[in-house]
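Below is one structure, written out as C-alpha cells, with a few remarks after it.
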C-alpha cells in the first residue's frame, strides 16, 4: 500500500483517502464507524503536521570583502551593496575589512551610509593579520556590531594632510579637532569607548583585538563568520532611519557572499596609487614613441588609453600637481634631445625631472596613498631605459645616410665611361649618368660625385 505526501491541503488529503477506500480491501472489512474514524485520522495525518509546524524563513546576511585603501570606488562598492541588502530584504550586511586607511571624504560617505542604514551592518576585521587603520577605525566604530578576528589590530586614526604642501599648525589643529569630535559622536551613538577612539585620532594609538574588546571599542572577538553570527544572535540593536530597536536573529543564517563586479573591480584597481602611476608612465611612453616614430599606431593607442585611465585615477587620489608637471617636463626634455644636439645633457635633465616628479606625485603621509618604493624604483629605471633606447634609435636614424634624392648620390664613387670635362659620361651605382668636371678626367678613371646640377653629376677624379 502506497501513500503520496505530495499534497498538503485538506481537500486533497480527503480526496486521496476516499479514492483509496474504494480501491482497497482493507476498508471493506472494517465496521462502518471504525472505517470513518480511520479515514478522519488518516486525513489529519496529512494536514495536521503542516498546520502545527509552519516553516519560518532563515535569516540572510550579505557578505562583502574590502581589503584595499578606502577610495571613492570602494565607498561606492560598499554603499551599493548596503542599498542592495535593504532592497532585497537581507537581514544584514557583513563587511570583511582589512584596510590601511584612505581618503577622509570616502570614509565619511561610508560612515554616513552605515549610520543611516535600514539594516544592521556588521564590520568584521578579518582575517588574522588584517587591520583597521586610519579611516578603517571610524568605519568600524560606526557599525551596529563591530568585531575582530584574533591577531588583528585597530587604531592610528590621526588625520593627515594631502595635496600641495602641508598644513600649518592652526589648520592641523582644526582638522584634528574635527576628526576627534566626529569619532566621539559616533562612539557615543554606538555605545563604544569614546575616550579611546579619540586617543586613536589625537595620538594615533593602536591596539590588538583582545585589547579592543577589553576597552569596549568592539563588541566581540570572533574566529570566523560562523562564530561571529553565533555571538551576535539575539543582540538588540537600534536601526535607522526610524531608530527602531530590533532583535537580531542569526541562528541558521544563510551567508550570501558577494564579489566585486568587473566595472567596480577595474575602478578600484586603477585607484591604487601604484597602478595609477604605472598607467601614467605607460601613457607618456606610448605617446612619446608614437610622436617620435609616426605611424606605429599601437603604442599611441595604448598610451592614450593608459593616460586617460591614469587621469581618472588621479581624481580619487591626493595628487601633487607639481609632480605631474615635472613628469610632463621630463617628456619635453626627452623630445628636445631628439631635436637638439646636447651631448646627453637634456636626457640627464629628463631623467632627474622624472625621478623628482615620481617622488612628489602622490603627496601623503599615509602609506596607503603613496607609491611604493618597490614599484617606483623599477618603474623609473625601466621607463628611463625605454626613453634612452628610443632617443638612440631616432638619433641614429637621423644620422644615417640618405638613399633617395639628390643627397643620396653625393659622395658615391664611380668610373668614367668617356673623357669628362665640360661634358662626359660616368657609371655610378649601376647607372649611366651625364657628368662634368672642373678638371679633365680621362676615360676609365675612378671618380667621386661632389654635386648634382639638374640631371647632370658634378664629379672629380678620386
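Distance between the modelled labels on residue 329 and residue 312, one decimal in nanometres: 3.0 nm (7 Å Cα→Cβ projection).
Take every pair of alpha-carbon atoms less than 8 Å apart whose residues are at least six positions apart; their mean separation over the length of region 77-135 yields a relative contact order of 48 percent. The calculated pair-distance distribution of region 405-461 uses every alpha carbon pair, bins of 5 angstrom beginning at 0, and gives 5, 25, 41, 23, 7, 1 percent. For the peptides 356-364, 373-381, 299-307, the ranking by packing is 356-364, 299-307, 373-381, with the highest mean count of neighbouring Cβ atoms within 10 Å listed first.
Based on Cα contacts under 8 Å between residues 6+ apart, region 272-399 shows a relative contact order of 29 percent.
Annotation: region 277-376 has a Kirkwood hydrodynamic radius of 14.2 angstrom, from the mean reciprocal C-alpha pair distance.
Peptides 277-284, 385-392 ranked from most to least packed by the mean count of surrounding Cβ atoms within 10 Å: 277-284, 385-392. For region 222-283, relative contact order (Cα pairs under 8 Å, six or more residues apart, normalised by length) works out to 21 percent. If you wrap the Cα atoms of region 60-262 in a convex hull and average its projected area over all directions, you get 11.2 nm².
Every number here is computed from the coordinates shown, using simple stated rules; none is lab data. Quantities reported herein were computed from a predicted structural model and do not represent experimental measurements. Positions of Cβ are backbone-derived with ideal geometry, glycine not excepted, and every protein chain shown enters the neighbour counts.
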